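A short worksheet on the structure shown next.
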Amino acid sequence: MPIPRPDLQGDRVIAHVDMDCFYVQVEQRKQPKLRGSPTAVVQYNDWKGGALIAVSYEARKFGVKRSMRGAEAEMVCPNIQLVQVPVARGKADLNAYRSAGSEVVSILSTKGRCERASIDEVYLDLTDAAESMLSETPPEALEDIDEEALKSHVLGLSGDEDREKNAQRWFIRSDAIHQDKLLACGAIIVAHLRGEVLKETEFTCSAGIAHNKMLAKLASGMHKPAQQTIVPSSAVKDLLASLPVKKMKQLGGKLGSSLQNDLGVNTVGDLLKYSEEKLQERYGFNTGTWLWNIARGISGDEVKGRVLTKSHGCGKTFPGPRALKTTAAVESWLNQLCEELSERIQLDMDQNKRVAHTLTLHARAFKTSDVEPHKKFPSKSCPLRYGINKIQEDAKKLFEAGLREFLGSHINAWRVTSLSISAGKILDTPRTSSISRFFQGKSLSSAISDASNDDIQDDAPSSSIGCKENIVPESDEDEVFAHGKSVKEDDAPSKDRKIDVLCTQSRKQKDKGNGSILRFFSGIKTSAKLASNAPSSRSESHKVQDQRDHQEECVVDDHSRLGTISNQQRDDSWKFNAEDIDPSVIDELPPEIQREVRGWICSSKRAKTTKQGSSIFHYFSTDDNA
Ligand code: TTP
């Protein structure tokens, strides 16, 4: 659901930069002989020459469109060069495009906060850079303005023929309002960045420069390729007046349809007829205000400082006769998708020290009889466990859970037409090798517990399957995770773990993983001991837990000691035999944590005591009196 955010209109300078026919450019860089000729990138598939996923601007002139297949494109443009997407594991391998996107991001992120929005687009917050430029070298004082900047399309300026002259005048107008001067500075910075991108990567890109993300995004696509468009505040009303509502982000679906069908609102400008109260009455408080705002070009969405992907996903479609009919076929494809996903999250962990927490499966399917023809295959999530086999195992369980729900009581044959698996809720791990810090950001149980049916959660349905990389996950993925962890794990620990977690009534939220560190050492004879004093040395795990879940009283005990525990007793420590630790469990951890744990186990074996003050000590402090 859209959320309105206050916007300090005009105070920000935001750019949206979008690469031009991106996959084509990546292929043209690989094969320079393709430059300048009509080219399209085709998805791996031999049916009618495969589906086009990127089309060069030269080919577009002939009427070649992304919706075409290779054979159709050849009919309208006989000279077209069709380049196959690289293939790995029987599906498109997007790695080359991903890293090309990263090259661009590393250049664009040098002038301000940068949010990577997809494989080939970013938002930049250039407010500070523009303010500095305006105070130090305002455009009117510049002898030469970047030629590329002067070619900008400035919305609201009249006369196409004198566009450049008008733009030049607009850039150097000394009586311009502060907001326009800021935009002019932003446009000069963007032109410079685009030049750098071209020089360093050989890729062209287009950009929109405005006072917020929504307007910048709308503008970046208005003049392509290799051009930029500026949206001064004075031009916003006209820009939105004729813009079809369905073109707006978040209005492409049901909300947009309802606006059209129920209110007769076809353009964003039509929304101006409705008061905020009326829109709130109809669509609820937040959505109503959001709609009222967008009709006026108001949007306070921030550019989030994020240059890495927010999720990793890989999918495969099985159109027409290729639809999958058996669980064995689904499993075989899932295994391949999971292999790729596992490699990518592992690489992310190694390179960026980030850990993914949620595994989500999306599928499209239909039943061969026409019962419930509109029923969708439910998307399912569970905590993500690292390791190819575990991901494959969990993905299979997610599919089975989804299929059961999809089929319901009907015994029916089914077909799966697409499958995708994604890793979301990716969080940083601290750079320092500290297991305690690692677990702050990670519900460890997600890495070690089975994706039992209790862990499997419904996920928001997605239409994201396809070849375009989804950097930003479904908006409610975080929400799903927040509720997604099995509460039962803590409520009813398995017998062999011999661990229990007691929490007081005042606990507001069910614990998500408090005992997880204990489960980590699943083979251990844990002898939880309640320390009778030293609350100041209260275990770090509990501090973390307290911060996370706002729980006021929560202690770890072993089964033999279940009972009420006083505040004084709350400090917990427990004991284990290093020899009892299952080494395969340690293999699941990130390498630097593994090293720390192994080092600690060795020293523990040697000394039979753990050094006070070690970060690990806080979790696994030994106590011979237990
Ligand atoms: P887009 O930015 O949507 O398009 P584009 O860069 O090819 O062309 P434009 O100049 O009009 O922006 O997508 C970026 C890349 O993502 C595109 O080159 C190929 C890939 N892609 C798919 O694989 N499938 C899709 O359905 C879309 C929309 C894109």
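Would you confirm, using the coordinates I've provided, whether Ser106 is closer than 23 Å to Arg344 by Cβ, away from the ligand (no atom under 16 Å from the Cβ) and of a type in the set (S, T, N, Q)? Against the criterion (closer than 23 Å to Arg344 by Cβ, away from the ligand (no atom under 16 Å from the Cβ) and of a type in the set (S, T, N, Q)), Ser106 qualifies.
For the range 117-144, filtered to residues that are at pLDDT below 95 and within 16 Å of the ligand (Cβ to nearest atom), the residue that is surrounded by the fewest Cβ atoms within 10 Å (Cβ to Cβ) is Ser118. Put simply, of Tyr97, Tyr57 the only residue that is modelled with pLDDT of 95 or more, of a type in the set (Ser, Thr, Tyr) and assigned by TED's automatic domain parsing to the domain that holds Phe203 is Tyr97.
Regarding Arg29, is this residue surrounded by fewer than 21 Cβ atoms within 10 Å (Cβ to Cβ), within 15 Å of the ligand (Cβ to nearest atom), part of a helix (DSSP H, G or I) and in contact (Cβ under 8 Å) with a residue 12 or more places away in the chain? In short, yes. Evaluating Thr110 against the criteria (1) outside the structural domain of Gly221 (by TED's automatic domain parsing); (2) more than 24 Å from Lys249 (Cα to Cα); (3) out of contact with any helix residue (DSSP H, G or I) (no Cβ under 7 Å at 6 or more places or on another chain) leaves one unmet condition, (1).
The number of residues in the range 330-360 that are part of a strand (DSSP E or B) and of a type in the set (A, V, I, L, M, F, W, C) comes to 3.
Going by the conditions given, is Val41 closer than 29 Å to Thr317 by Cβ, in contact (Cβ under 8 Å) with a residue 24 or more places away in the chain, among the aliphatic types (A, V, I, L, M) and assigned to a loop (DSSP other than H, G, I, E, B)? Judged against the criteria, Val41 is not a match. Sub-6 Å Cβ pairs linking a first residue in the range 77-96 that is touching a residue at least 12 places away in the same chain (Cβ under 8 Å) to a second residue that is more than 12 Å from the ligand (Cβ to nearest atom) and among the small types (Gly, Ala, Ser), at least 6 apart or interchain, are Ile80/Ala73; Gln81/Ser37; Leu82/Gly70, ordered by first then second residue. Checked against (1) surrounded by fewer than 24 Cβ atoms within 10 Å (Cβ to Cβ); (2) within 16 Å of the ligand (Cβ to nearest atom), His178 passes all but condition (2). Taken over the range 400-419, the criterion of being surrounded by fewer than 23 Cβ atoms within 10 Å (Cβ to Cβ) and in contact (Cβ under 8 Å) with a residue 60 or more places away in the chain is satisfied by Glu400, Leu403, Ala413, Trp414, Arg415, Thr417, Ser418. Out of everything in the range 38-75 that is more than 16 Å from Pro86 (Cβ to Cβ) and of a type in the set (Val, Ile, Thr), what residue ends up being nearest to the ligand (Cβ to nearest atom)? The qualifying residue nearest to the ligand (Cβ to nearest atom) is Val55.
Residue-by-condition table, conditions (1) over 20 Å from Met19 (Cβ atoms); (2) surrounded by 15 or more Cβ atoms within 10 Å (Cβ to Cβ); (3) out of contact with any Lys or Arg (no Cβ under 9 Å at 6 or more places or on another chain):
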{"site": "Asn212", "(1), (2), (3)": "yes, yes, no"}
{"site": "Pro225", "(1), (2), (3)": "no, yes, yes"}
{"site": "Pro232", "(1), (2), (3)": "yes, yes, yes"}
{"site": "Ala241", "(1), (2), (3)": "yes, no, yes"}
{"site": "Gly256", "(1), (2), (3)": "yes, yes, no"}
{"site": "Tyr283", "(1), (2), (3)": "yes, yes, yes"}
{"site": "Thr289", "(1), (2), (3)": "yes, yes, yes"}
{"site": "Ser299", "(1), (2), (3)": "yes, yes, no"}
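Identify all residues within the range 73-85 that are modelled with pLDDT of 95 or more and crowded, with 16+ Cβ neighbours inside 10 Å; write none if there are none. Residues satisfying the conditions are Ala73, Glu74, Cys77, Ile80, Gln81, Leu82, Val83. Can you tell me which residue in the range 379-432 is nearest to Phe318 (Cα to Cα), limited to those that are hydroxyl-bearing (Ser, Thr, Tyr) and modelled with pLDDT under 95? The qualifying residue nearest to Phe318 (Cα to Cα) is Ser409.
The values are calculated or read from the model by the stated rules, or taken from the named source; none is laboratory data. Please read all numbers here as calculations on a predicted model, not as lab measurements. Every residue, glycine as well, gets a Cβ built from its backbone with ideal geometry; the counts of neighbours run over all protein chains shown.
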